[in-house]
Amino acid sequence: MPNFFYELHFYLFGLFAIASALTFVTRKSPVAAALWLVSTMFSLAALYVMMDAHFIGAIQVLVYAGAIMVVFLFVVMLLNLGHPDELSDLRGKWGRLAAGLLGLAILAQVMALSRTRPEASLVQSDFDRLAELRGENAVAAIAKPLFSDHLLAFELTSVLLLVAIVGAVVIGKRRAST
Amino acid sequence: MPYDLGIPGQLTLALAPDLVLLGGAMALMLVAAWGPESAARQRTVGIGALVLCVAVLAMVIAVAIRQPSAANGVIAVDGFRWAADALFLLAAIIAIALSIDYNPREGILAGEAHVLTLFATGGMMLMAAARDLMVLFLGIELMSIAVYAMVGLNRRSPRAAEGSLKYFLLGAFATAFLLYGIALVYGATGSTNLAEIGERIAALGLSRSPMLLVGIALLLVGFGFKLAAAPFHMWAPDVYEGAPTPISGFMAAGVKAAAFAAFLRVWLEAFPGVYTEWHKAVWWLAATTMVVGNIIALQQKNLKRMLAYSSIGHTGFILVALAAGTPQAATAFLFYLFAYTLATMGAFAVIIAVGQSGGSGDRIEDFHGLWHSNPGLAVAMMVFMLALLGFPVFGGMGFFAKWYVLQAALQAPAPQTRLAIILVITSTISAGYYVWVVMVMFMKQRATDALRIPPMPAMTRWVVTASVALILFFGVYPEPLVRLARASTAVGIAPVDGGPASTAALQGQ
């Protein structure tokens, strides 16, 4: 399948994701930064769809770009942090340097890792994968293992989210009497 | 009959103690949220949490006696898990008992404090049980998220807010490392099951795969943060100082023990095939942690910070047992964790008792001449300090804990002689701050303007008395505990040569 048209779009979305992410971390205004993050999420969703993971692509848009970022923007607006120019930047020279070095290290690591191939015997062939997707559909292919093999992990995730909510409420709740 | 973990019903049975704890925690959460916050409700929830912990502890002991087993699955059913569970529940019982008295004093009236402790304990129990990297990760997060909130419970204290935020940010950072490491290990081996990872590393000859090695290194960094091993220890002193004192103790004992239990299982079940590669990293981690923790502890004037650095030092001592990697070392590891839990929680309990006079109770001045005003507290603190130091007789089981770790390090097939030497030297250094506390209590005069320390509330008194009694009892007569620890790790842990045979580690067959 890798024809020129496919490759062109794949790298286009990839570049757009990286460019948006870079713009996201360099913006001073929280609202602008959040919108650039939405654009990163959309590009990633496009990449997922191009890799035949349609369901994950859809969820990416619905959950991250939709729900989470909207709530994020609400919080930014409700907190009313003031004019972006008046915000002090916490990131000093050394912070930037360290972040740059860490970024370079991760880039080098990704380069090195992309040279190694996973064990051939562990990789499911494209043919098998496509057959599986056609036989059922993208949602069933995810739902089946989620509710059978990974049932325990799924249930534990719900407990985890409950604890996160309880923790946030306990810390954030206004005191009844002081 | 071994459990078949593929069947949901059998999986539920294998997880029964964990599920009872989590379910009970949810019920208590409702009790806590049912009406307005009050000291009485806080106490009710606290006592409910205590009863629940004791019940689950009884359940764990009952299950451990039956010695069930399971084929490879997402959950381990073995003696090591039950021993670790008992340890976490002990830490939780002590922390909740101390919190019941401490929280209202500090204006923390939320009953949810105890509920979060229970959830954190549930996370720890899952960490000790997990034989799948995904379940392990969820256990770590369940524990960590509950503890982030517990550190920030005291909303009136800026230090608590600082500690909570610091712990949250650095914890999230460490989580990213863990997750990235897990992803790479999965990418290299195609499995998240610990036993399968171990088998595939051996069968496919992956021990030189860069993806696997980078993944293991990232996992080591992630665990290093959770253990507070140097150089990933920066957060510990600020967080321990800012957290409510019972929670500091819970973190120093329970959270650390849970991270260690998971670390031990992952390293010895999944990665014995790459022993030679990780051994060097763990060696250096142990050596740096021992030196950094004990030397910086010498300069601390605040007892909570001092105990934080001392706990970093102890992380190093326990890592020595891990580096040795023999069955004997695993026994020493459990024994050490038990002694360390009692002594650390006891020391934090004494700080709470001294803090009743109105101050924070964690400045060294608060301990000046304690012997003249409160002889009982002074003697208890002396036992805890000497136990942490590993002093014979008066330090009780602390001495044997260090002795067993040393013995394990020296008698391993590949003797860790240099680590053992560093252990002895840094232990000697640690006398500088442990004995100093004892000295100021007995030899200094109490400041004339020092506030009188009222008698301890019932729960705190029970915790202090029981800890002292247990430490001294097992110091004279350690045999039963050693036998238990040995039985829990009967199968043995990774052989040092690191062959495929070692995948049977910890399986409890």
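The share of alpha-carbon pairs in region A:9-52 lying farther apart than 15 Å comes to 37%.
Pairwise Cα distances in chain B exceed 32 Å in 37 percent of cases. Peptide B:276-286 has a mean of 0 when you count, residue by residue, the C-beta atoms of other protein chains within 10 Å of its C-beta. In summary, the lysines within cross-link reach of residue B:280, defined as a Cα separation below 26 angstrom excluding same-chain residues under 8 places away, comprise B:226, B:256, B:402. From helices alone, chain B scores -24000 deg cm²/dmol at 222 nm; the rule is -39500 (n - 2.57) for each run of n ≥ 4 DSSP H residues, then divide by the residue total. Hydrodynamic analysis of region B:255-295 uses the Kirkwood radius over alpha carbon pairs. Inserted into Stokes-Einstein at 10 °C and 1.306 mPa s, it gives a translational diffusion coefficient of 141 µm²/s. Quotient of the Cα radius of gyration of region B:299-509 and 2.2 N^0.38 Å, N being its number of residues: 1.12. The tail of the calculated P(r) for region B:81-142 beyond 20 Å holds 34 percent of all Cα-Cα pairs.
The local environment of residue B:311, defined by Cβ-Cβ distances under 14 Å, has a net charge of +2 under the rule Lys, Arg +1 and Asp, Glu -1. Note that region B:116-121 has calculated 3J(HN,Hα) couplings of 5, 4, 5, 4, 4, 5 Hz, one per residue in order, obtained from phi through the Karplus relation 6.51 cos²θ - 1.76 cosθ + 1.60 (θ = phi - 60°); glycine and proline are x.
Length, then width, then depth: along the principal axes, the Cα atoms of the protein assembly as shown run 86, 63, 50 Å. The H on the amide N of residue B:75, modeled in the peptide plane, is under 5 Å from the matching H of B:131, each at least 5 residues off or on a different chain. Over region B:304-422, the hull volume per residue, using the convex hull of the C-alpha atoms, is 92 Å³. For residue B:3, the residues whose modelled amide H falls within less than 5 Å of its own, excluding neighbours fewer than 5 places apart on the same chain, are B:69, B:70, B:71. Put simply, chains A and B cover up around 3000 Å² of each other's accessible surface, both sides summed, when a 1.4 Å probe is used. Close amide H contacts of residue B:109 (hydrogens built in the peptide plane, cut-off under 5 Å, sequence separation of 5 or more or a different chain): none are found.
Of all aspartates and glutamates in the structure, those lying under 13 Å Cα to Cα from residue B:166, and not within fewer than 8 positions of it along the same chain, are B:238, B:241.
Highest mean packing first, where packing is the average number of other Cβ atoms within 10 Å per residue, the peptides B:105-116, B:198-209 line up as B:105-116, B:198-209.
Remark: mean inter-chain Cβ contacts per residue of B:140-147 equal 4, using a 10 Å Cβ-Cβ cutoff to other protein chain atoms. Run the accessible area of region B:299-509 with a 1.4 Å probe and give the carbon-and-sulfur part as a rounded percent. The C+S portion of the solvent-accessible surface of region B:299-509 is 67 percent. Both radii are taken from the alpha-carbon atoms of region B:1-125; with Rh as the Kirkwood radius, Rg/Rh is 1.05. Please state the shape class of region B:211-288: rounded when a/c is under 1.5, otherwise prolate if a/b exceeds b/c and oblate if not, all from the C-alpha gyration tensor. It is prolate, given that a/c is not under 1.5 and a/b is the larger ratio. Across peptide B:207-219, the mean count of Cβ atoms from other chains lying within 10 Å of each residue's own Cβ comes to 2.
Using the 1.4 Å probe convention, the accessible area of region B:299-509 works out to 39 Å² per residue with neighbouring protein chains retained. How about residue A:28: which lysines have a C-alpha closer than 17 Å to its C-alpha, ignoring those fewer than 8 places off in the same chain? Those lysines meeting the cut-off are A:93. In order along region B:355-371, the Karplus-derived 3J(HN,Hα) couplings, from 6.51 cos²θ - 1.76 cosθ + 1.60 at θ = phi - 60°, round to x, 4, 5, x, x, 7, x, 10, 8, 5, 4, 5, 9, 4, x, 4, 4 Hz, and Gly and Pro are given as x. Electrostatic tally near residue B:201: other residues with Cβ closer than 12 Å to its Cβ, Lys and Arg +1, Asp and Glu -1, net -3. Equivalent-ellipsoid semi-axes for region B:141-289 (Cα gyration tensor, √(5λ), whole Å, largest first): 32, 14, 12.
The values are calculated or read from the model by the stated rules, or taken from the named source; none is laboratory data. All values derive from a computational prediction rather than experimental measurement. In this analysis, Cβ positions are derived from the backbone assuming ideal geometry, glycine residues included, and neighbour counts consider all displayed protein chains. All accessible areas refer to the heavy atoms of the entire protein, side chains included, with ligands and DNA or RNA removed. Shrake-Rupley method; radii C 1.70, N 1.55, O 1.52, S 1.80 Å.
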